[in-house]
Amino acid sequence: MTLPGSHRNPFKVPEGYFSTLPERVMQSINQEEQAQKLSLVRRRRSLFLMRMGIAAALTGVFIFAGMLAHQHRNAVTSGADAVNFAQQLDLDYNDETLEYAMLDNNDIEYYLTVAE
Amino acid sequence: MYNEEELIQQLKAPATREAAFRTLVLEFQEQLYWQIRRMVLTHEDTDDILQNVFIKVWQGIDQFRCDSKLSTWLYRIANNETINYLNKHRHRTISLSDGEEPDTDGVRIQLESDPYFDGDETEKQLQVAIQTLPPKQRQVFNMKYFQEMKYEDMSLILGTSIGALKASYHHAVQKITNFFEHLD
């Protein structure tokens, strides 16, 4: 079936376009892969910080619960008992959680650097 | 000329992947370029889409199952990327599928101002007419009319039955014929 106009291609391409395209494509691919790697590192950092935040919150909850349980079982009669409270905790808490709660700023910086 | 089986093996092997991929780009870049260009008209948009196509090909090489020809797979990706692009930039298209009046003047002006279009008046009108077709019908028309592709090959690329493709092409030709009749 013939339509008005020909089968001629009326579109043009910038000179040298096809000879440089393979290289440009590889550059785009490398950029895309770099961007994906960066995104992955950022996600890992966010996950790490989120876990720390949860751990810190849980630690606070456990300590508070422990305090309530301790008050319920043994009346605190002296300041010395209160001071020794942390040593006498008999809660079943997560060791890893406590370890997270004991991290200071230097530790955080170290882990973030290692994550890179 | 490349050996398809050998090229696929080289693409899947990490040591030879990049070199094989460059061969693939050199082999298919023009076919894919024109496939896209006839749909979106401008060189800049075509370049954007074509880059995305090759990125998708690179990322999908390991998943390529060899149950179709390499060319079929590449054309399929190119067509899908083009349709996605057109849907994303819907305000720029003049397809009648929206039920709106086509902005044929807009396309005509775009072609006249495009330094990479040197068609005569009839060729310009033909391109305007083609742009009034819905995207998928436009693909069918371009593949059949300009690339003279067989319906069997189009069916594999587009995932549409041969009967449906023939009907689509027939309708496209009728619409374009009507378009020119209204001009006269």
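The values are calculated or read from the model by the stated rules, or taken from the named source; none is laboratory data. The model shown is predicted, which means the values in this text are computed figures rather than measured ones. For neighbour counting, all protein chains shown are included, and Cβ atoms are generated from backbone atoms with ideal geometry for every residue, glycine included. Surface accessibility is based on the protein's heavy atoms, side chains included, excluding ligands, DNA and RNA. Shrake-Rupley method; radii C 1.70, N 1.55, O 1.52, S 1.80 Å.
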Worksheet item: Can you tell me which residue in region B:117-155 is farthest from the chain's Cα centre (by Cα), limited to those that are surrounded by fewer than 18 Cβ atoms within 10 Å (Cβ to Cβ), outside any helix (DSSP H, G or I) and facing chain A (nearest Cβ under 10 Å)?
Response: B:D120
Item to complete: Only residues that are more than 16 Å from B:N80 (Cα to Cα), part of a helix (DSSP H, G or I) and touching a residue at least 12 places away in the same chain (Cβ under 8 Å): list them for region B:31-44, please.
Response: B:H43
Discussion item. I'm checking my understanding of the structure. Among residues of region A:6-23 that are in a helix (DSSP H, G or I) and more than 7 Å from every other protein chain (Cβ to nearest Cβ), which one is nearest to B:D118 (Cα to Cα)?
Written reply: A:Y17
Worksheet entry | Residue selected from region B:53-72 under the condition surrounded by fewer than 19 Cβ atoms within 10 Å (Cβ to Cβ), touching a residue at least 12 places away in the same chain (Cβ under 8 Å) and part of a helix (DSSP H, G or I), by the criterion farthest from the other protein chains (Cβ to nearest Cβ) | B:T72
Discussion item. Give all pairs with beta carbons closer than 6 Å in which a residue from region B:104-131 that is under 13 Å from B:F180 (Cα atoms) meets a residue that is open to solvent by 10 Å² or more (accessible area, probe 1.4 Å) and modelled with pLDDT under 90; count only pairs at least 6 apart in sequence or on separate chains.
Written reply: B:T122/A:P4; B:T122/A:G5; B:E123/A:G5; B:L126/A:G5; B:V128/B:T104
Worksheet item: Looking at B:Y2, is it aromatic (F, W, Y) and more than 11 Å from every other protein chain (Cβ to nearest Cβ)?
Response: yes
Practice prompt. Please list, ordered by first then second residue, the pairs with beta carbon atoms under 6 Å, 6 or more apart or interchain, first in region B:16-30 and free of Cβ contacts under 8 Å to residues at least 24 places away in the same chain and more than 9 Å from chain A (Cβ to nearest Cβ), second surrounded by 16 or more Cβ atoms within 10 Å (Cβ to Cβ) and in a helix (DSSP H, G or I).
Written response: B:T16/B:Q10; B:A20/B:L7; B:A20/B:Q10; B:A20/B:L11
Worksheet item: For the subset of region A:27-46 comprising residues that are more than 7 Å from every other protein chain (Cβ to nearest Cβ) and over 21 Å from the mean Cα position of the chain (by Cα), which member is least open to solvent (accessible area, probe 1.4 Å)?
Response: A:N30
Discussion item. If I ask for residues that are within 30 Å of B:T122 (Cα to Cα) and open to solvent by 70 Å² or more (accessible area, probe 1.4 Å), which ones from region A:9-26 would you list?
Written reply: A:K12, A:E15
Discussion item. Criterion first (at pLDDT below 95 and more than 14 Å from chain A (Cβ to nearest Cβ)) does B:G163 satisfy it?
Written reply: no
